[in-house]
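Let me begin by presenting the structure, written as structure tokens, before commenting on it.
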Amino acid sequence: MMQDYLPDGITIEDIIAVLAAMSAFLVVVAIWSSGIIKDPMHGRVKHLQDRRTDLKRGYTAPSKRKPTVKKASYLGTMQAIVNGFNLMKNEQAEKYRLKLLQGGYRSKDALVYFLFFKLILPLLIGIIAVILIYGLGLFDLKPMIKTLVCGGAILMASILPETVLKNLTIKRNEAMQRALPDMLDLLVICAEAGLTLDSALTRVVKEMAQTGPELADELSYTAIELGFLSERKQALTNLTERVTLPAIQTVTATLIQSEKYGTPLAQSLKVLSAEFRNERMMKAEEKAAKLPATMTIPLILFILPTLFVVLIGPAACQISSKLL
């Protein structure tokens, strides 16, 4: 019986009541969040303004330092713990900073949050697993299995932050990949109209703020860096570091070549736009070609049994009535 595996004082009815309460809470949160209209560019204007201010300050007065701002107490505690283990000074910290930058997290405190949770989560999950398995005896397992379960929980908690960040980066790159051909078309129109690269990027960002907010966000930073960095090539190189898409790297190489040799920008971008649109069409055709094979298993599991019941059911009823 299930009751034998539960701690004393806890019944199946209590667990069902807790799960029902959690389900009701999640339903209310889902309904509430679905009714809120979110602006995809909300909150990014302030980051862009701060970035523009920082670049302008570094360009005009590099000897001055930005006055320190008093941080929140919890953030100061996290930073003290991270600095206590010297996590900010190793080589992994720079790799994590680059991964956070590729995931769209440009805040200076993002690395502190990431390293703190990467340090605390294995310890926290390990303590919870030990309490549940050894302390409360929630599961009737063998000693070796208990040790393996606790070790597996700690291992999963240690790789959880990187896995979540990787999935967010992949989704963000896919969204930028879908918006890239439209961005190139708009950039070609702006280039043919005689706009410079930074002015064209600024105009494209305004047009794509709703349809492609992820790509518009990256182009906004690139346009700002083009206006304030001493070398325009460095701004485009920073774009390739923030976005790992091969298509973005190809576009960036084309822009760098156009800036260096003075080649026609509109013509090069037209070729890239046509290539990316053909690639997107080929991917759509590939998915359409895979559809019959993908639908085979649902067809066998859900449609064919119903079809057999409809076809064989009347005959089976007649045979059973005659036998009776």
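Computed from the coordinates by the stated procedures, all read-outs in this text should not be read as laboratory data. Please read all numbers here as calculations on a predicted model, not as lab measurements. Glycine also receives a Cβ, built like all others from the backbone with ideal geometry; neighbour counts cover every protein chain displayed.
Annotation for M156 and E241: the two label points, set 7 Å from Cα along the Cα-Cβ direction, are 3.6 nm apart. Ranking of D217, D140, D185 by neighbouring Cβ atoms within 10 Å, starting from the fewest: D140, D185, D217. Counting 0.36 nm for each residue step from E285 to Q318 and taking away their Cα separation leaves a gain of 7.1 nm.
Identify the residues of the stretch 109-130 with backbone N under 20 Å of a label point that sits 7 angstrom from the Cα of V149 along the Cα-to-Cβ direction, or state none. The answer is 122-130. In the structure shown, do any of K142/K166; K118/K146; K146/K171 have a Cα-Cα gap over 32 Å, and if so which? Where the Cα-Cα span goes over 32 Å, the pairs concerned are K142/K166; K146/K171.
Across all Cα atoms of the stretch 207-324, the radius of gyration (one decimal) and Dmax (whole number) stand at 28.2, 94 Å. In terms of surrounding Cβ atoms within a 10 Å radius of their Cβ, M183, M88 rank from fewest to most as M88, M183.
Taking all Cα pairs closer than 8 Å and separated by 6 or more residues, the relative contact order of the stretch 176-283 comes to 33 percent.
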